[in-house]
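So the structure is just underneath, and the comments pick up after that.
What follows is calculated from the coordinates using simple rules that are stated; it is not laboratory data. All figures in this text were calculated on a predicted structure; none of them were measured in a lab. Don't worry about glycine lacking a Cβ; one is built from the backbone with ideal geometry, like all the others, and counts go over all protein chains shown.
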Amino acid sequence: MVHYFSSDFTLGILGGGQLGKMLLYETRKFDIKTSVLDPSENAPCKIACDAFEVGDLMDYETVYNFGKNVDILTFEIEHVNINALEALEKEGVTVYPSSKTLRNINDKITQKQFYETHQIPTSPFHVFNSKEELVTAIKSQKINYPFVWKQSTGGYDGMGVRIIRNLNDVLNLKDVPCIAEKLIPFVNELAVIVSRNPNGEVASYPVVEMEFHPEANQVEYVICPARIENNIAEKARIIAEKVSDAYKHVGLLAVELFQTEEGEILVNEVAPRPHNSGHFSIEGSLTNQFEQHIRSILNLPLGSTKSKIAAIMVNLVGEEGFTGDAHYKNVEHLLSMEGVTPHIYGKKQTRPFRKMGHVTIVNNDISKARKIAELVKKTIKVINR
């Protein structure tokens, strides 16, 4: 049996941002040795890992050489060199989630086709290799306005996704492979985080509800539990676990979902890592998502995903009109509020809508928590000095 705790075992993490930093809270709790690779010298992870390397996550040699020196390799961001992961796996390095899982998810075209193949409900879509192909399809009325445009690769935090309502919107798009999805009228955007270890043990967190910023296409609030009927929540959980079973992933899988006006559940997209929709679990769950990811990839017993209390997460993003050295205005006021916990990610530079932190509000009454969340959003501002 491998000894992970207070030993020479090394867990490698590709990416040193806020998700990696919060993973390191858990590895330090368990005294698990870690090594992190990130392109930024000032990555948030640098202060908390045992070893830190600066390097390009998309460079084959950099990722390959880093992976050769760890026992298990995981990642906190999908934009990594998958060919290097495949080479490492062939040489006996354990990579979780696997390169196969990542390859099936990283390209949105492949991801949507995967759902179609496995009979997982998702919105109707068409695939295009170029903007010219897309324009031709519009002119021939193969697709109609409005629709959702998604570039096949490289999108993140709302980037690479647009609602297209007219030809002018199309002309401003990148000339890249893409999908055009039917714009589905929905009543809720939901998410379920599913954890899975190599033994096939599965545990899902409660369904959460997400409220989005109207301009930035970013999550503003995550509400747990979702304010939906029990039968809808159960349907969402079943579909999320079906997605998990199809991918046979190891680690966490965040499944984003639409609840339609007819009460159907459609899969929007997934992420094979800890996720913004799971941050509430740090204060709100018996086992938080970051500890659960560690348990999953080390093939340890999964922790309980039950909630301790109702929780709402508020994303802290850079204010519009401010770019430069980050300053958190009024953060001290949050510390006087009962049940309110701020998390500052440690990014030195702010810019509009950049994720700079989050705040969790816990309360026995979800309605009260939502009102406090609104106050939190109005109180704290991330600006430049």
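Some observations on this one:
- About its Cα centre, the chain has a charge dipole of approximately 520 debye under the convention of +1 per Lys or Arg Cβ and -1 per Asp or Glu Cβ, with nothing else charged.
- Cross-link reach list, lysines versus LYS329, counting only Cα pairs under 17 Å and skipping chain neighbours closer than eight places: LYS347, LYS348, LYS355, LYS377, LYS378, LYS381
- Diffusion coefficient (Stokes-Einstein, Kirkwood radius over C-alpha pairs, 4 °C, 1.567 mPa s) for the stretch 171-219: 88 µm²/s, rounded to a whole number.
- Mean projected area (nm²) of the alpha-carbon convex hull when the stretch 89-230 is viewed from all directions: 11.3 nm²
- Using just its DSSP H runs of length 4 or more, each adding -39500 (n - 2.57), the chain gives a mean residue ellipticity at 222 nm of -8000 deg cm²/dmol after division by all residues.
- P(r) tail fraction, the chain - alpha-carbon pairs more than 34 Å apart, %: 28 percent
- Diffusion coefficient, µm² s⁻¹, Stokes-Einstein with Kirkwood Rh over alpha-carbon pairs of the stretch 275-385 at 20 °C and 1.002 mPa s: 144 µm²/s
- GNM flexibility winner over the chain from GLU283, GLU89, GLU229 (Cα, springs under 10 Å): GLU229
- Calculation over all alpha carbon pairs of the stretch 186-384 in 10 angstrom steps from 0 returns a P(r) of 9, 34, 35, 19, 3 percent.
- Over the stretch 204-260: Rg over Rh, Cα atoms, Kirkwood Rh: 1.00
- Considered as an equivalent ellipsoid built on the Cα gyration tensor, the stretch 10-95 has semi-axes of 19, 14, 10 Å, the largest given first.
- Size descriptor, Kirkwood hydrodynamic radius, that averages inverse alpha-carbon separations across the stretch 124-182, Å: 11.2 Å
- Using every pair of distinct Cα positions in the stretch 156-275, the Kirkwood expression returns a hydrodynamic radius of 15.7 angstrom.
- Residue (of GLN218, PHE125, HIS293) at the positive-pole extreme of the chain, dipole from beta-carbon charges: GLN218
- Stokes-Einstein translational diffusion, the stretch 277-339 - Kirkwood Rh over all Cα pairs, 1.306 mPa s, 10 °C, in µm²/s: 110 µm²/s
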